[in-house]
Structures are given as structure tokens and as C-alpha cells.
Amino acid sequence: MDSKRIAFVSVFGAALLSAAVDPVLAQGYSSTTEELIRTLNTQLLYAAIPITVLVEGILIYTVWKFRNNDNPLPTKENRRLEITWTVATAIVLLFVGYASYGVMANEYVTTTPEDAQEMEGNAVEVEVVAEKYIWTFNYQGENVSTSGTMVIPEDRPVYLNVTSSDWLHALHVPELGLKQDAIPNQHNVIKTKATETGTYQLYCAEYCGVGHSNMLGEVQVVSQSEYQNWLQEQKQENSGGSGGNSSSGGNNSSSGGNATTTTASA
Ligand SMILES: [Cu+2]
């Protein structure tokens, strides 16, 4: 029995060690949120693989060893074995709980309204409004709204205030690790920081009607200077388009909730 105990302890020890080592996988996560989630996923995988191999190994060994045994007898009492598997299971569960809690409680994964209130000075805040079957992005404090494409700067905290004007939808940008329900009369916040410039596909992840599968969008992550230029362009377009001459006043009559064009809205 001692050899089995040694096998248990060594396999679980190896699992914990490999999980503790920072996984050197594909570098270059697209956002802090994605990095947190993928790292946790890898750690859990490193813990799960040895356990799977151990369990399947014992199963196959048992089948093979007792293949000619017509009268198998179960092990009735074995205190050392019981203690070993209880302790080993407890260690695995503690590890999974600790590792998961660290990620789930991170503000880049689960953003609370309090996190959003203590927003950093350089943070970008975008209200994301879902509506059958289009996404509208209102840049808070900038008088800029776009639909279909959201442009955000890299390496700056971004708060997405997700809501809906009609119905249940869900914002989903898999490559950035972002997912949040869009619910009428409710703002659900996600905080993230994009770390790699590029274009990322945005999906609606809550079935919302016949147009659901076409309810797509794009997230463009650009450098901070490109972002500033883009914002300026949008503001100029707005002031030019609406005939107003103040780019920041926003006192023109705004067509509330116009979702299909780029508009200035107050
Ligand atoms: Cu939808």
C-alpha cells in the first residue's frame, strides 16, 4: 500500500508544482482580462492532466490485473488510503478555489459598480448600448458615438458600461476575454486594458431574435495617439455634419438613441 501512497503524493505534488510555475505559453495576450482567464485555464489544465492520467492508469491497471478474477473482493477498510485520498482531494480543491478566486475577484474580470466609481483619471469610459440588431458606443464626456465599431486605446484602462435599449443581448469579444450581459435599465460594467493593437470580432452572445447571428461588431485597439486623432476626427465630423460650430457644447437638439449613424449626442 505504501507504493500507492507514494504514487498519489508524487502525482499531486507534480500537479501543484507545475501549476505554480508560470506557464510559458504563447506570449502576447490581447488584454489583461484575457491574460488572467487564460492563465487560470492553463493552471487548471496542468492540475487536471496528471489527475486524469492517474485515474485512468489505475482503472486500466485494475482491469488488467484482475481480469481472471471471478470472485473480486472489495477493500473494506484502509485508513491510510482513505486519509490519503481525502487529503489529496482537499489540496486539489483548495488550489482550484484559491486560483479561481484570485482571478474571479480581480477587477479586470469581475468589475463592481464601486470599481467603476473609483475610475482612474486616464480611463476611457464607453457606454455600450445593444439594440436589435446593432451595437452603439457612446464615449462618455467626449460627445462621440459610433455604431458597429468601437475604437479603444491600448494600455489604458477601459470601462464598458453595457446596457440594452430593448431586450436581452450580451456583449462578447472572445479574443479580448470580454463577455457581459446587456439588460434594459441596467448598466453592467467591465473593466479591461487592451495590450495588443488589432481588430477583434464582437458578437452578440444572447439569442435575441431573427437578426441575432448578424448582430456583429468590431473592436479596434489602436495606439494612444491614434486614438486621440480618431476622437478629434469624430468630433470634427460631428460638428461639421450637424452644422454646429462648437465641438464640445453639445447643446444642439440631439436625436436620442440614433443607432445607425455616427452622431453627437448629449
Ligand atoms: Cu442580440
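Overview of values
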| item | result |
| --- | --- |
| Debye log10 I(q)/I(0) at q = 0.09, 0.11, 0.18, 0.20 Å⁻¹ for region 130-242, Cα point scatterers | -0.23, -0.35, -0.93, -1.11 |
| Mean projection area, nm², convex hull over Cα of region 107-149 | 3.9 nm² |
| Reachable lysines, given that their alpha-carbon falls under 30 Å from the alpha-carbon of residue 235 and they are not under 8 places away in the same chain | 132, 179, 191, 193 |
| Protection proxy ranking of 190-203, 218-231 - average other beta-carbon atoms within 10 Å, highest first | 190-203, 218-231 |
| For region 189-211 and region 105-177, distance of Cα centres in Å | 9 Å |
| Relative contact order (%) - criterion: Cα under 8 Å, at least six apart; region: region 119-208 | 28 percent |
| Ordering of 83-91, 54-62, 31-39 by burial proxy (mean other Cβ atoms within 10 Å per residue, highest first) | 31-39, 83-91, 54-62 |
| Per-residue SASA entry for residue 66, accessible area with 1.4 Å probe, Å² rounded to 10 | 100 Å² |
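The values are calculated or read from the model by the stated rules, or taken from the named source; none is laboratory data. Remember, predicted model here, so these are calculated numbers, not experimental data. Every residue, glycine among them, receives a Cβ derived from its backbone with ideal geometry; neighbour counts consider all protein chains shown. These accessible areas exclude ligands, DNA and RNA; they are computed on the full protein's heavy atoms, side chains included. Shrake-Rupley method; radii C 1.70, N 1.55, O 1.52, S 1.80 Å.
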